[in-house]
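The values are calculated or read from the model by the stated rules, or taken from the named source; none is laboratory data. Because the structure is a prediction, the values reported are computed rather than measured. Cβ placement follows ideal geometry from the backbone for every residue including glycine, while neighbour counts extend to all protein chains displayed. Quick note on the areas: whole protein, heavy atoms, side chains included, nothing else; ligands and nucleic acids left out. Shrake-Rupley method; radii C 1.70, N 1.55, O 1.52, S 1.80 Å.
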Amino acid sequence: QKEVEQDPGPLSVPEGAIVSLNCTYSNSAFQYFMWYRQYSRKGPELLMYTYSSGNKEDGRFTAQVDKSSKYISLFIRDSQPSDSATYLCATHGSGNTGKLIFGQGTTLQVKP
Amino acid sequence: EPEVTQTPSHQVTQMGQEVILRCVPISNHLYFYWYRQILGQKVEFLVSFYNNEISEKSEIFDDQFSVERPDGSNFTLKIRSTKLEDSAMYFCASSVGVYNEQFFGPGTRLTVL
């Protein structure tokens, strides 16, 4: 079983739509969860960083962690064409070394 | 705004040759990482480095790979004898602490012919 699983998409939505991106993970010991955004041929850029369960909101972005079901989500409200990118979920491995384990990434296109 | 830089942006090499990928992490960061991303695949962890030693490495990071922080600013990844399957984007990242945000560089695209 993969440690972090993510539907690669692609996902295409009209401008202004609410976007929901999701990942599942296998190890209940994972505590820290991240969403990165990656534009084509660029390095990942951190969007959201959450610890344990709950919600975190930053502008149009909301990250949600449900540890009971090992499910993490990113919601984008009022999506814009500039949100078109690949979104990567990630978690820290359990070894206290900073290692990040990434999902496959979901490619999002927001059409004007 | 401080950023992680990487050179070169694109490296083409022949199979069996040695390559060195260079990174300059953010100056007050203490933890350094290399990741790679094969085209169309996920970002994969290679190695983490702290206090001048490797703290964790993945199965990918075999004897052909090594890392070094030769001075106070650079962090390098060396591949001794490149293989075709080493062709990928290589990302350097750094962070202040283990559970702090990792800042990624723009990547080096390595092409092995």
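Leaving ligands and nucleic acids out of the surface, order B:Y50, A:Y49 by accessible area at 1.4 Å, largest first.
Sorted by accessible area, descending: B:Y50, A:Y49.
What residues of region A:96-112 lose no less than 40 Å² of accessible area with every protein chain in place versus their chain by itself (probe 1.4 Å, heavy atoms only)?
Checking the loss per residue gives A:N96, A:T97, A:G98, A:K99, A:L100, A:F102, A:Q104.
Quantify, in whole percent, the carbon and sulfur part of the accessible surface of the protein assembly as shown (1.4 Å probe; protein heavy atoms only).
That share works out to 46 percent.
Can you give the alpha-carbon Rg of region A:1-78 over 2.2 N^0.38 Å, where N counts its residues?
1.12
Once phi is turned into ³J(HN,Hα) by the Karplus curve 6.51 cos²θ - 1.76 cosθ + 1.60 with θ = phi - 60°, what whole-Hz value does each residue of region B:66-80 show in order, with x for glycine and proline?
Each residue's phi maps through the Karplus curve to give 8, 10, 8, 10, x, 8, x, 10, 9, 9, 10, 10, 10, 10, 6 Hz.
Can you tell me the accessible area per residue over region B:3-70, all protein chains present, probe 1.4 angstrom, in square angstrom?
Accessible area per residue: 56 Å².
Quickly work out the B:N100-to-A:Y32 label distance, labels modelled 7 Å from Cα along the C-beta direction, and quote it in nm with one decimal.
1.1 nm
Provide, as a two-decimal number, the C-alpha radius of gyration of region B:1-92 over 2.2 N^0.38 Å, N being how many residues it has.
1.05
Counting only Cα, what are the radius of gyration and maximum Cα-Cα distance Dmax of the protein assembly as shown, in Å?
17.5, 51
Can you give the Kirkwood hydrodynamic radius of region A:32-71 from its Cα pairs, in Å with one decimal?
Result for region A:32-71 stands at 11.1 Å.
Could you sort out which of B:K42/B:K78; A:K42/A:K67; A:K67/B:K78; A:K67/A:K99; A:K70/B:K42 sit more than 27 Å apart by Cα distance in this structure?
Cα-Cα > 27 Å for A:K42/A:K67; A:K67/B:K78; rest within.
Which number comes out as Rg/Rh for region A:44-108 once both Rg and the Kirkwood Rh are worked out on C-alpha atoms?
0.97
Loop-only trypsin sites (Lys or Arg not before Pro) in region B:21-89, please: DSSP not H, G, I, E or B, and at most 11 other Cβ atoms within 10 Å.
B:K83
Quote the total accessible area buried by chains A and B together, excluding ligands, DNA and RNA, probe 1.4 Å, nearest 100 Å².
Chain pair A/B: roughly 1900 Å² of buried accessible area.
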